[in-house]
Each structure stands twice: as structure tokens, then as C-alpha cells.
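In what follows, a single structure is set out as C-alpha cells and then discussed.
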Amino acid sequence: MTRTLVAFFSLALSARAAIPAPEQYFGHPIGADKKLVRWDKIVEYMKLVAANSDRVRFRDLGPTTSGNPFVLMEISSAENLRNLDRIKALERKLYFQGGAPTDAERDDIFRSAKSVVFISNNIHSTEIGASQMVVELVYDLATGDSPRVRKILDNVVLLLEPSLNPDGQILVTDWYNKTLGTPSEASPLPFLYHPYTGHDNNRDMYLFSQRESRMTAEVLWHEWFPAIWLDEHQQGTSGPRIFTMPATDPINPNVDPLIYRLNGVYGQSQAAALEAEGKTGIIFNSTYTNFWQGAMAWAGWWHNQVGLLTEVASARIATPIVQQKADPSRAAASPTPQAGGRGAATGANAPSDFESERRRALEHPDDPLPPPRDITPRTEYPRPWLGGKWTLRDIVDYELIATNALLEAAADSRETLLRQIYNINRNTIDAGGKGELGQDKDKLYAAIIPVAAQHDPNEAIELVDKLLIAGVEVYRAPAAFKQDDRQYAAGTYVVPFNQVFARYAKDLLEKQTYPEVRRAPNAPAEAPYDVSAWSLGMQFGVRTEFAKTALPAGLALEKVPVTPRFLLEVAAAGSNAWRFPYNGAISAMLVNRLLKAGAKVSLTKGEAPEALVSARPDIWNKAVAGFEIRAAAAAAKPAALATTLNAPRVGIYQSYDPSMDEGWTRWVLDRYEWTYTRLHNEDIKAGHLRAKFDAIILPDQRETAILEGLDYKTIVEQYRGGIGETGWEALRQFVAGGGTLVALGEASNLLLDKMPLAVKDLKKTFTRDQHFAPGTIVNLQVDTAHPLGRGIAAETWGYYINSPFFQLTEGFSSQKVSVAARYPNTRVNASGWLRGEDLMYGRAAVVAIEMNPGKVVLFGIRPQHRAQTHATFGMLFNALYWSAEGDLSSAKVQ
């Protein structure tokens, strides 16, 4: 035995002696029935392992949204960790950071670099298994001395985020332990399991609104640049036991084809290892499509990273479930599942199945599930799950096998992987330089973001910020230039496509065209699994353009190192008085600051409204701190009508059947410095709402969820039910007393069904086969003279996701019904996939009803959808200002 191996075994034995096994440390086996390890204890154990192992490093990347540790574990051999800076430098060079590697540097990468694998877990905190599994994984890698472990440690650097949602992990663990042994055991948490986003946090990997997303992006695209990213999830309880890559059609043309091949290679290495261990129910090419910017690791595809997803069947948190056994002899007689295995869909393609499964679990939690329906063996599902008992330990086992299999495959293919990633990066830069990324008819060389031409220049800065977080190189033109016969002003941002993350920038900024997928030539087009559009420029209201010829050879561009400051054009409006454009969310944020500080603010009327401010200089200076102040041009008109703004008293309904839209709404209100109060069922039922609030927001939620909530014996009693008829009567009285009720998305139907409003929801009259949109960016026309349209672009974009769209009907003379935003008479679809587009032509998207004295505002679109739709934030904000504004008066404008 060599001295190196002797030393290795000696250190391994020493580490094993110093580091207690998880079962010993936590007092129970990991994955034991009805036992969960809380996040703080996981962190405590990870610190202990790192302190006693030279293979493991512990890093606290910073506080989460709720102030908990957000952890990254760096795991490799002791020698690799001693040389971690060099390995990191090689990985950065592999991704062409600081320029293309020389031939000698390239060969050094192939010879000396490691397979850097990033694994993220537990972003959906009810998908608890991965946060438990990682404890055993880290222990095995820290103390193991098998040839497999040595091979992994020598050839791989593992970057492990034990939980992407520590706040939710704590909430779920505490709630489960609180209900354990009661009739409510494993009942759903009555609040979102992330402070803002709930299940939507994996939809944040291009907006980066959340702290956890930004810290993850820093590791991925600024510090480490891993070649492989695995994100570990759980899915429903009744179908296959685990999904591994590859996913199913369609593919996205902006992804390098080799990435899709590698997704299959590494995903199938996981599936093969599970099969070898005798596990059943392993499926691929199912449910999840290769097209969308969705589940976390898939964002890596456009960053030239292998992006893998696993979805393991769930238990009732840590409580086992039992599923009746299927008869395998009936498999041959049963209909063959549809192409791609998509009959097993549990996402947007099968919402009724998901909802029925959820309600069955709430009504009869101890009853066995019906037997599996998909039991036909086939290429993507050779050994179907036939039913039986399923436990948290089963989840841990499946995930542990799949994770180790990936690490071993990455170790075995180290040099091949490095060569392939190098080729992808090299080809991306070369293709981008030739304007040949994707499969576009025209050549595209760069994205151009003109600032001066935008309705709200600050949204162009917001867009640049998101690109920078994602590792994209953004440049600024210090002087005017001409491109494709168009003149661009100084200050225009340019994103050249001859860069390593050009695929991501292009995909994020351009219009999405979802490919048609049909099972047969005459069959209807198949709906996408999830969102089909994410064009961030459109959602921000920023008009982006593309260079169709090479950028001018002499064009001088300055690299943008950090996000620029927001701009504010200001003119004096008298003594201690100022005026600035009211044209978007940032201007509303400034108005809120000023109102809170005691300033007087009013808004002028017209196509280009301005905020008029009267305040002490110290109040003004504090409010505008951090802005880049620019002197505005002199006013063209000496006077204008203005309306006084007051800080509205806002309430937002928070159901115990949690709504993600409610969480996102709170995030938007917090981000733009609104003050609000959360209202639960008991607060609504108590009545006397008008004395406390000017506006109440009902977030997007089904009418039955608001009125009835979750009213099952398994629900903890204080969280059962909804607002009921008592609560509805309180809301009606609130409007009758002069309050403004703002309904978002599906919540509009509560008002339409309960009040005599001259508005009809047309969406309810069509079937899914006639009209369907899983997530589409639409064109909007806005009445800028309407109180809801102030400061909004007359033509802009909104986000539509199977929400109501409206037709006005006959109404009472006591009510004034008006349309604040509508869909155009043609071309509703701006980006993505939309079935039955013609049914929306000319229909209303946002409607206001003035009830004398109260008001009702119906948002068919969700104006704050996942905090992405900056272009329509202002309409929601205007509804809140409208609820408390003063009378119109003649105001001198200096």
C-alpha cells in the first residue's frame, strides 16, 4: 500500500472517529418515519463536519429573507481543497472569464481542472427529503474510504446548497412537529412556506427578486461557474417514484444541442444506478419540457451548464403513505401512455388531477391511494411503480443513490466533460460573433437597450441589473452611434453576443415562440407544461432591439461593472417645491417616501403626468438620496390640473389556503415602500373595515378558496374555512362606505358573482380546448387619462395566465363602469403560447366600477405577477392612490 493511501485511510479513520454518524448525532436514523431534522440542527451538524474534516468547507453566504443562515458546502479531497483557488481559477477560465484561454491554458484546464458539480436542494420546503438526505451525503464524503468515494473526491468539487429555502424548511418542520400525533398530522401549512414566494421561488432565477436567488446566482455565475447543476425536487404521490433527465419536447433553439445530450447522459447515469439497486418507478422523457426558463437548474442550460432535475414521489412530509397495488397483468390491456410520457403530468397540464389528489388527501388522509394508473413498461419507464408503502426513507434512498451516481459519473468523465464544456463555450462565442446563435432567420449580433427612448428609463436600468446578476456582460455607449440605419443616443446599453452567456441574454430579451407539438398531423397543438414566455424586456416595459449586422468596428463601448443608479429628472417648482415625471414603479416608490415623511404630493393630469412636491429640503434630500439627479427641461405649459395624493390605508387579504399571488403582492408592496396590513378571515369578519382602510386587495385566488377556504377535519380548527358570508357582507359594507376593493385575477369572480356589476368574465364561458394560456405575455392598450392608467405607456405589455377577461354588460345608472386597459383588436399574443387568441380581441383587461361612493377595480391580468411585470405595477399602485386621493383642483405648475 502506498504512503498516499496509508495517509488517506488514516485521515479517513480519524475523521470517522471525530464526526458522529447522523443517526448517532440526531438520535434517530435519517428518514425515519415521522422524524425531521430542523434547519438549525442541519447547519450545526454541517459546521461540525467541516471543523473535523479536511474534505469539507462550510460557508455561510449570508442571511436569508427571514435572517437564517444560507449555506454552501465545498467538498473535495484534502489536496483539492488546499488548491481550491487554483481549481476555481481553472473553472472560471473554462467559462472564458477574463477572455478566451490560450492553447496552453486550455490544455492545463483539461489536465488539471476538476468536474465542478453544484447541487441545490429543498427549494420547495414541503419537498423535505433532500434536506435530510444531504446530511448522510456529507457524512459519507467526509468519512468514507471506499474507492468510489476516493474517486469522487479526487476528481470532483461538489458545491452543495443543503437547502435553497431554509426559512421554509423551518416553517414546515415546526408545523409538522406541532401537528404530529393529532388529527391534523401532515396537514398543509396555513401560510406560504417561503416568506413571499411559496412554491414560486424556483420561478425567480431570471428576476432574482429574492435574496436566496441572488446568493445562488453569485456562486453560479460570478464565483465558481460549475459545469453541472442538479436541483432535487419532489412531485406528487401517486405516479412514478422518480423523474430523471432527459425531459421531453419541445427543445429551445437557444440552448446548445450538446447540453441536451449531456442532460440525457448524466440523467440516465442516475436512472441506471437506481435500476441497479432494484428501485422501481424510474421515468424520463415525461411531464417537464426542455423549452422553458423554469426549475432552477434549467436556467443553467442557457449558461452552457448541464442542468439536471430529479423529482421523487412524496410522502405526507415524514408520514408514510400507502397506495393500493396495481395488477401488472392489466398493463398490456391498458392504453399505452401518450408520447413522451406526458400522461403522467402533474403540473399545468393536469391541474384537476393535482387538485383532486390534494383534496382526497385532506378528506381521507389515512385511506390508501388508488392504484397507479400508468403501469405500462416502455423505454422511458421500463419498470413501473405498482403501488405499496412509501416513506420519507424511500425518498432519501432514491435521492442518495441518484446524487452519488451523478458524482461518480462526473468523476469518471472529468476530462471529457471539461472538453465538451470548453467546446460549447467556444462555439457560443464564435456563433455569437457571426450572428448565428439559435435558429433565427436573420442574423443577430447584439441586443440594444436604448435608455432615452424608454417610457421609463429606470426600467432599462432594472433590466441591466438582472442581466448583470446572471453574469451577462453589458456595455454602454459613451457617444451616439448608428446601427442598422438607426441612430442611438449616448448612454445606450449594448449586449454583444460574442460572449459566453450570450444564449441566456438572447433568450431572456427576445420574443418566445413556443414550437407546436402535435401527437398527429390533425391533432390539436399540445399545451406547454408551464410558462411559455419570460421576455423580461417586455415585462419591464422596455423596448429592446437587436443588431442584425455586426456592430461598427470603431464603436467604443464601456463595460458596465455594477448596476447604474436610478435616474431622476427634477425641476424646481417654486420655493421648497420640485417636480419630476410620474412614469413607473420607481417614481411611485419616491412618492411613497415623500408621503411618509410628511411632504405634500399631487399629480398632474395628461399624457405625461408629473409629481408636484412641496417639502422641507431635508425631507426632499433624504427621499432622493441614491438617485442620479438630472435637471429637467422647463415646463411647456404654465399650469395643469392636479389631484392631491394621500398615503392610502391598505389591507391585503391573506387566506389560510395560501395564495402565492398574495405573497408576491406583499413583496411588490414592500419593494416599493407601501404600508399595508395583512387581513385574515377573522379580521374581515369583524367588519368596520372602512374605518381602518381605504383599499383592500384580494389577491388572485378562486372564489371558493376565499369564501370557504379549507374546511376539512384534518385542518387545524383555527385555520379552517374562509371569510364566509359574514366576511363577504363586511366587504360589501366596506365598498358601500366608500372603500375601494381591488380584485386580482380569479378573485374578480367573487365580486362578479356577488355584486350587481355590469361586467362578465368571458374566460369562464370557454373550455380549456377553446382557450388556454399557461403563461403568456400579451399586448395591452391603456387609457392614460383614466385614474388607473396615469403614468402608464399607452401601449405596453401585461402577463396573462388563464385569468379572466371581461365584457361590459347592461348595468345600473348609479354605477360608472370604465375600461382602464384592453386587449387590442388583433395580435393579443406578444410572446409565448396562447390558444384561442381571437376570443380576447378587443376585450377588457382592467375594469373600474365607481359605485358612488365606493369603487371596485377588477384586474383580469395580474399586474404584479411574480414581481416580474414592472410595466403594469403602476396600474395596481394607481388603484391604491385612487382610493385616497383628494379632489381635483387648479394647481400652478412653475
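The values are calculated or read from the model by the stated rules, or taken from the named source; none is laboratory data. Computed from a prediction, not measured in an experiment: that's the story for all the values here. Please note: Cβ atoms are built from the backbone with ideal geometry, for glycine as well, and neighbour counts cover all protein chains shown. Just so you know, the surface numbers come from the protein's heavy atoms only, side chains and all, with ligands and any DNA or RNA stripped out. Shrake-Rupley method; radii C 1.70, N 1.55, O 1.52, S 1.80 Å.
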**Asked** Among 809, 784, 776, which is the only one that is surrounded by fewer than 22 Cβ atoms within 10 Å (Cβ to Cβ), at pLDDT 95 or above and over 27 Å from residue 881 (Cβ atoms)?
**Response** 809
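Regarding residue 452, is this residue surrounded by fewer than 19 Cβ atoms within 10 Å (Cβ to Cβ) and in contact (Cβ under 8 Å) with a residue 24 or more places away in the chain? Steps first, answer last, please.
Working: surrounded by fewer than 19 Cβ atoms within 10 Å (Cβ to Cβ): yes; in contact (Cβ under 8 Å) with a residue 24 or more places away in the chain: yes.
For residue 452, the condition - surrounded by fewer than 19 Cβ atoms within 10 Å (Cβ to Cβ) and in contact (Cβ under 8 Å) with a residue 24 or more places away in the chain - is met.
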**Request:** Inspect all residues belonging to the range 867-876 and state whether any of them is of a type in the set (S, T, N, Q), part of a helix (DSSP H, G or I) and touching a residue at least 24 places away in the same chain (Cβ under 8 Å).
**Result:** yes
**Prompt:** So which pairs qualify, if the first residue must be in the range 406-433 and open to solvent by 10 Å² or more (accessible area, probe 1.4 Å), the second must be of a type in the set (Gly, Ala, Ser), the Cβ gap must be under 6 Å, and the two must be at least 6 apart or on different chains?
**Reply:** 409/269; 414/115
**Request:** Determine, yes or no, whether residue 672 is more than 26 Å from residue 599 (Cβ to Cβ) and either at pLDDT 95 or above or crowded, with 23+ Cβ neighbours inside 10 Å (or both).
**Result:** no
**Complete:** When (1) open to solvent by 10 Å² or more (accessible area, probe 1.4 Å); (2) closer than 22 Å to residue 870 by Cα are applied to residue 612, the one that fails is (2)
**Message:** Looking at 180, 189, 171, 158, can you tell me which residue is surrounded by 24 or more Cβ atoms within 10 Å (Cβ to Cβ) and not β-branched (Val, Ile, Thr)?
**Reply:** 158
**Request:** Look at residue 280 and say whether it is of a type in the set (Val, Ile, Thr), farther than 24 Å from residue 91 by Cα and open to solvent by less than 10 Å² (accessible area, probe 1.4 Å).
**Result:** no
**Item:** Subset of the range 169-194 [within 18 Å of residue 657 (Cβ to Cβ) and under 22 Å from the mean Cα position of the chain (by Cα)]
**Value:** 171, 172, 188, 189, 190, 191, 192, 193, 194
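Let's see how each residue does on (1) within 23 Å of residue 310 (Cβ to Cβ); (2) small (Gly, Ala, Ser):
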position	(1), (2)
122	yes, no
134	yes, no
148	yes, no
163	yes, yes
180	no, no
211	no, no
218	no, no
**Fill in**
All conditions in (1) among the polar types (S, T, N, Q); (2) over 24 Å from residue 603 (Cα atoms); (3) open to solvent by less than 10 Å² (accessible area, probe 1.4 Å) are true of residue 815 except (3)
**Prompt:** Which one of 603, 641 is assigned to a strand (DSSP E or B), under 30 Å from residue 742 (Cα atoms) and open to solvent by 60 Å² or more (accessible area, probe 1.4 Å)?
**Reply:** 641
**Message:** Need pairs with beta-carbon distance below 8 Å; first residue among the β-branched types (Val, Ile, Thr) and within the range 805-825, second open to solvent by 60 Å² or more (accessible area, probe 1.4 Å) and assigned to a loop (DSSP other than H, G, I, E, B); sequence gap 6+ or separate chains.
**Reply:** 819/783
**Asked** Tally time: how many residues in the range 49-92 are open to solvent by 50 Å² or more (accessible area, probe 1.4 Å), closer than 23 Å to residue 144 by Cα and in a helix (DSSP H, G or I)?
**Response** 3
**Message:** Considering only residues that are in a loop (DSSP other than H, G, I, E, B) and of a type in the set (Asp, Glu), which ones fall in the range 190-212?
**Reply:** 204
**Request:** Give the residues of the range 132-155 that are among the polar types (S, T, N, Q), open to solvent by 10 Å² or more (accessible area, probe 1.4 Å) and either under 16 Å from residue 119 (Cβ atoms) or assigned to a helix (DSSP H, G or I) (or both), sorted by residue number.
**Result:** 155
**Fill in**
Counting only residues in the range 346-359 that are open to solvent by 50 Å² or more (accessible area, probe 1.4 Å) and within 20 Å of residue 281 (Cβ to Cβ), the one modelled with the lowest pLDDT is identified as 346
**Item:** Listing of strands (runs of 3 or more DSSP E) fully contained in the range 745-862 that carry 1 or more residues being in contact with a helix residue (DSSP H, G or I) (Cβ under 7 Å, 6 or more places away or on another chain)
**Value:** 759-761, 776-782, 795-800, 816-822, 829-831, 844-850, 855-859
**Message:** For the list (1) touching a Ser or Thr at 6+ places or on another chain (Cβ under 8 Å); (2) free of Cβ contacts under 8 Å to residues at least 12 places away in the same chain; (3) not polar (S, T, N, Q), I need the number of the one condition that residue 33 fails.
**Reply:** (2)
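This table checks each residue for (1) without any contact (Cβ under 8 Å) to a residue 60 or more places away in the chain; (2) assigned to a helix (DSSP H, G or I); (3) not charged (D, E, K, R).
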| site | (1), (2), (3) |
| --- | --- |
| 100 | no, no, yes |
| 105 | yes, yes, no |
| 117 | no, no, yes |
| 125 | no, no, yes |
| 160 | no, no, yes |
| 170 | no, yes, yes |
| 175 | yes, yes, yes |
| 185 | no, no, no |
| 188 | no, no, yes |
**Asked** Any idea which residue in the range 833-859 is farthest from residue 885 (Cα to Cα), counting only those that are open to solvent by less than 10 Å² (accessible area, probe 1.4 Å) and more than 27 Å from the chain's Cα centre (by Cα)?
**Response** 844
**Asked** Among the residues of the range 492-512, is there at least one that is open to solvent by 10 Å² or more (accessible area, probe 1.4 Å), over 28 Å from residue 220 (Cβ atoms) and not acidic (Asp, Glu)?
**Response** no
**Asked** Would a scan of the range 397-412 turn up a residue that is at pLDDT 95 or above and out of contact with any helix residue (DSSP H, G or I) (no Cβ under 9 Å at 6 or more places or on another chain)?
**Response** no
**Request:** Check off (1) in contact with a helix residue (DSSP H, G or I) (Cβ under 6 Å, 6 or more places away or on another chain); (2) of a type in the set (S, T, N, Q); (3) open to solvent by 30 Å² or more (accessible area, probe 1.4 Å) for residue 458 and give me the number that stays unchecked.
**Result:** (3)
**Prompt:** Does residue 664 fit the bill of being assigned to a helix (DSSP H, G or I), of a type in the set (Phe, Trp, Tyr) and under 18 Å from residue 874 (Cβ atoms)?
**Reply:** yes
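Residue by residue, here is whether (1) at pLDDT below 95; (2) small (Gly, Ala, Ser); (3) part of a loop (DSSP other than H, G, I, E, B) holds:
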| site | (1), (2), (3) |
| --- | --- |
| 419 | no, no, no |
| 431 | no, yes, no |
| 437 | yes, no, yes |
| 440 | yes, no, yes |
| 444 | no, no, yes |
| 448 | no, no, no |
| 453 | yes, yes, yes |
| 463 | no, no, no |
**Message:** Condition first: more than 22 Å from residue 399 (Cβ to Cβ), open to solvent by less than 40 Å² (accessible area, probe 1.4 Å) and either in contact with a helix residue (DSSP H, G or I) (Cβ under 6 Å, 6 or more places away or on another chain) or acidic (Asp, Glu) (or both). Can you find one or more residues in the range 14-35 that meet it?
**Reply:** yes
